[in-house]
Amino acid sequence: MFGEKFKRKYALTDGGLKNVKKGTFWTVVVNLVVMGGISILYLMMNSFMGTLSYGSPLMGAVLPICAVVLFVVLSFITHYQQYTATYGLVYNEVKTTRLTLAERLRRLPLGYFAKRDLADLTETIMGDVYRMEHVWSHVLGYLYGAYTSTAVIAVCLFAYSWQLAIACLWGVPVAFALLFASRKFSAKSSQRLKKAAVNVSDSMQEILENMMQIRSANQEERFLDELNRKVDEHERVMINGELSLGLFVNGAGVIMRLGVATTILTGASLILSGQIDFMLLFLFLLVITRIYAPFDQSLALIAEVFVSQVSADRINEIYETPIAAGAENFSPRGHDIVFTNVSFSYDEKEVLHNLSFTAKEGEVTALVGPSGSGKSTCARLAARLWDISGGTITLGGVDISTVDPEVLLRDYSMVFQDVVLFDDTVMENIRLGKHGASDEEVLKAAKAANCDEFVSRLPKGYKTPIGENGAKLSGGERQRISIARALLKDAPVVLLDEATASLDVENETRVQDALSRLLAGKTVLVIAHRMRTVEAADKIVVLENGRIAQEGSPAELIKKGGLFSRMLRLQRENDGWRL
């Protein structure tokens, strides 16, 4: 139970918890070995005093030399082991944590990302893990090692003289009590700092992503002024937080150091009363030179622990978000998509209400309706990119909520309006549709998607890098690469979301030609915005305010009148084709 609480408190994996235990153990050993060096000094001084008092040393010359050599050897070995345990092992923990977070994010439903800011997630994976890395490597082993070793040394000191032990150690609990009193303040300061850092990242990302629009509107100065304001705010919050925390840390250090004065005063009083001799006071004065050293570091470290708690909570939030899990065995009977009383809520607001319809295998089912009616949501729910709030969605008779999303998506190809390409060659961007596909397979899919026409004009053909998100290509060319991916995958279910909505007539013709090859014999769910798609559909589902308003073939809906007929008429009046 304690181990689980400790892991959660510091966002540790099982391996990380073992590393902390190792680091703590070797820190305790190092501190005790160092204190052993103090004991050697005491024995040597005691021998010297014996020479002065009795005319002969209490121990020979060989024993101190052997003790010093043994101390040096032990010190080297233990410090090396401590370094390995607190740094070497922890860096592997950082790698494991980042990979674990990436794997976790990969398996989370896409609805999670719709609710989280990209800059905020990036800050968690990079910034928060970096802060916890410092805690894991520089803080936990040293802090808990200092606790343990000081407790052991305190027991020994009390065995010699309980009065001097109290005089020496009273400042330690008082100093830490002062720091713990600042914990609530530290947490609030850390939250303000984290918010300010995310605001800076957000602003920078916004400027970089929208540079063309900012320049075209001649608004560079306004956006840079806003970025400067956020940077200044981040700096102000950081300075205030560190200054305030520094006051607590230094105040605690001063209180702890008062133990030196109380030890001297108490020791002098005890010597005058004849209760102890000078050598015992000398021993305690030697111990004081080292016993505070681990805590000098610990005072700053425990303050860092308080601040890092916000980062640990943010990492744990990702760990504790339920993943979209399911069975890895998926054997559908055909590929009909059936919505049965499906509801979906976004931020506690229901956007789909008891939808029921079927998209049959071998047919094109078009979803149409006004903006915000739920068309794109239906397409994403059909592939379990998001999980429904109520009802069921089946594919081939199998409830998709019971199937692992990665297994389920093997049966889906998707072509969306917002194409995402990578800063790689045309060939590798198409190959993304099927891992391990041969060059011949890629070229065949590219040709079927009408990519040859524009690739032939590129300097290196299919080996040409296309820039970040296909910056060197036009919208129609990027869309055809997306269709080539889908053709290469050759999945039995195809989802099309506004695939041709932003294209001109010439590019639309080429893309539609490519789509006709992709859709043959598949279960097709298409969000339709153009009449050419709608009139080719076998079935149309008309959505309005998250509900089904009409359903049927194009001819049936035109004959019935209603919302579809009205939308069709308005499109023809406006531009003749757009729906």
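The residue that is farthest from residue 290 (Cα to Cα), counting only those in segment 265-280 that are crowded, with 16+ Cβ neighbours inside 10 Å and at pLDDT 85 or above, is 270.
Answer with yes or no whether residue 122 is modelled with pLDDT of 85 or more, out of contact with any strand residue (DSSP E or B) (no Cβ under 9 Å at 6 or more places or on another chain) and of a type in the set (S, T, N, Q). For residue 122, the condition - modelled with pLDDT of 85 or more, out of contact with any strand residue (DSSP E or B) (no Cβ under 9 Å at 6 or more places or on another chain) and of a type in the set (S, T, N, Q) - is not met. When each of 551, 498, 535, 508 is tested for being within 23 Å of residue 341 (Cβ to Cβ) and either at pLDDT 85 or above or of a type outside the set (A, V, I, L, M, F, W, C) (or both), the lone residue that passes is 551. Contact annotation: residue pairs with Cβ atoms under 8 Å, 6 or more positions apart or on different chains, pairing a residue in segment 11-35 that is over 17 Å from residue 152 (Cα atoms) with a partner that is of a type in the set (Lys, Arg), are 13/7; 14/7; 16/7; 17/7.
Just one of the numbered conditions (1) out of contact with any His (no Cβ under 9 Å at 6 or more places or on another chain); (2) within 28 Å of residue 65 (Cβ to Cβ) is not true of residue 30: (1). Close contacts from segment 432-443, counting a first residue that is more than 14 Å from residue 485 (Cβ to Cβ) and a second that is surrounded by 10 or more Cβ atoms within 10 Å (Cβ to Cβ) and among the hydrophobic types (A, V, I, L, M, F, W, C), with Cβ to Cβ under 9 Å and a gap of 6+ residues or different chains, come to 439/427. When residues in segment 67-89 are screened for being small (Gly, Ala, Ser) and under 27 Å from the mean Cα position of the chain (by Cα), 2 of them pass.
Looking only at segment 159-179, decide whether some residue is surrounded by fewer than 16 Cβ atoms within 10 Å (Cβ to Cβ), without any contact (Cβ under 8 Å) to a residue 12 or more places away in the chain and over 17 Å from residue 251 (Cα atoms). Yes, segment 159-179 has at least one match. Contact map, segment 305-320: first residue closer than 16 Å to residue 193 by Cα, second residue of a type in the set (Ser, Thr, Tyr) and modelled with pLDDT of 75 or more, Cβ cut-off under 6 Å, separation 6 or more or different chains; pairs are 312/10; 314/124. For segment 376-406, filtered to residues that are in contact with a Gly (Cβ under 6 Å, 6 or more places away or on another chain) and surrounded by 16 or more Cβ atoms within 10 Å (Cβ to Cβ), the residue that is nearest to residue 321 (Cα to Cα) is 386.
Selection within segment 149-158: residues that are crowded, with 16+ Cβ neighbours inside 10 Å and β-branched (Val, Ile, Thr). The member of this set that is nearest to residue 302 (Cα to Cα) is 150.
Just the residues that are in contact (Cβ under 8 Å) with a residue 60 or more places away in the chain and part of a helix (DSSP H, G or I), please, taken from segment 105-120. Residues satisfying the conditions are 105, 107, 110, 111, 112, 114, 115, 118, 119, 120.
In this structure, is residue 445 modelled with pLDDT of 85 or more and surrounded by 18 or more Cβ atoms within 10 Å (Cβ to Cβ)? Yes: the conditions hold for residue 445. Only one of the numbered conditions (1) in contact (Cβ under 8 Å) with a residue 60 or more places away in the chain; (2) crowded, with 18+ Cβ neighbours inside 10 Å is not met by residue 183, and that is (2). Of all the residues in segment 427-454, those that are closer than 16 Å to residue 489 by Cα and in a helix (DSSP H, G or I) number 15.
Output yes when any residue across segment 194-217 is surrounded by fewer than 18 Cβ atoms within 10 Å (Cβ to Cβ), without any contact (Cβ under 8 Å) to a residue 60 or more places away in the chain and of a type in the set (Gly, Ala, Ser), and no when none is. Taking every residue of segment 194-217 in turn, at least one turns out to be surrounded by fewer than 18 Cβ atoms within 10 Å (Cβ to Cβ), without any contact (Cβ under 8 Å) to a residue 60 or more places away in the chain and of a type in the set (Gly, Ala, Ser).
Would you be able to say whether some residue in segment 77-93 is under 30 Å from residue 344 (Cβ atoms), among the hydroxyl-bearing types (Ser, Thr, Tyr) and at pLDDT 80 or above? Within segment 77-93 (the criterion being under 30 Å from residue 344 (Cβ atoms), among the hydroxyl-bearing types (Ser, Thr, Tyr) and at pLDDT 80 or above), the answer is no, since none of the residues qualifies. Among the candidates 242, 209, the residue that is more than 30 Å from residue 307 (Cα to Cα) and among the acidic types (Asp, Glu) is uniquely 209.
Take residue 556 and tell me if it is farther than 18 Å from residue 378 by Cβ, surrounded by fewer than 22 Cβ atoms within 10 Å (Cβ to Cβ), modelled with pLDDT of 70 or more and not polar (S, T, N, Q). When the stated conditions are applied, residue 556 passes them.
If you check 328, 320 for being in contact with a helix residue (DSSP H, G or I) (Cβ under 6 Å, 6 or more places away or on another chain) and surrounded by fewer than 15 Cβ atoms within 10 Å (Cβ to Cβ), only one passes: 328. Contact annotation: residue pairs with Cβ atoms under 7 Å, 6 or more positions apart or on different chains, pairing a residue in segment 400-415 that is at negative phi with a partner that is among the polar types (S, T, N, Q) and surrounded by fewer than 22 Cβ atoms within 10 Å (Cβ to Cβ), are 400/394.
In this structure, does residue 198 turn out to be β-branched (Val, Ile, Thr) and within 27 Å of residue 292 (Cβ to Cβ)? No; evaluated as a whole, the condition is false for this residue. When residue 373 is tested against (1) surrounded by fewer than 18 Cβ atoms within 10 Å (Cβ to Cβ); (2) part of a loop (DSSP other than H, G, I, E, B), just one condition goes unmet, and that condition is (1).
Looking across segment 385-416 at every residue that is in a loop (DSSP other than H, G, I, E, B) and closer than 27 Å to residue 516 by Cβ, the one that is nearest to the chain's Cα centre (by Cα) is identified as 385.
The values are calculated or read from the model by the stated rules, or taken from the named source; none is laboratory data. Bear in mind the structure is a predicted one, so any value in this text is a computation, not a measurement. Heads up, the Cβs are rebuilt from the backbone with ideal geometry, glycines too, and the neighbour counts pull from every protein chain shown.
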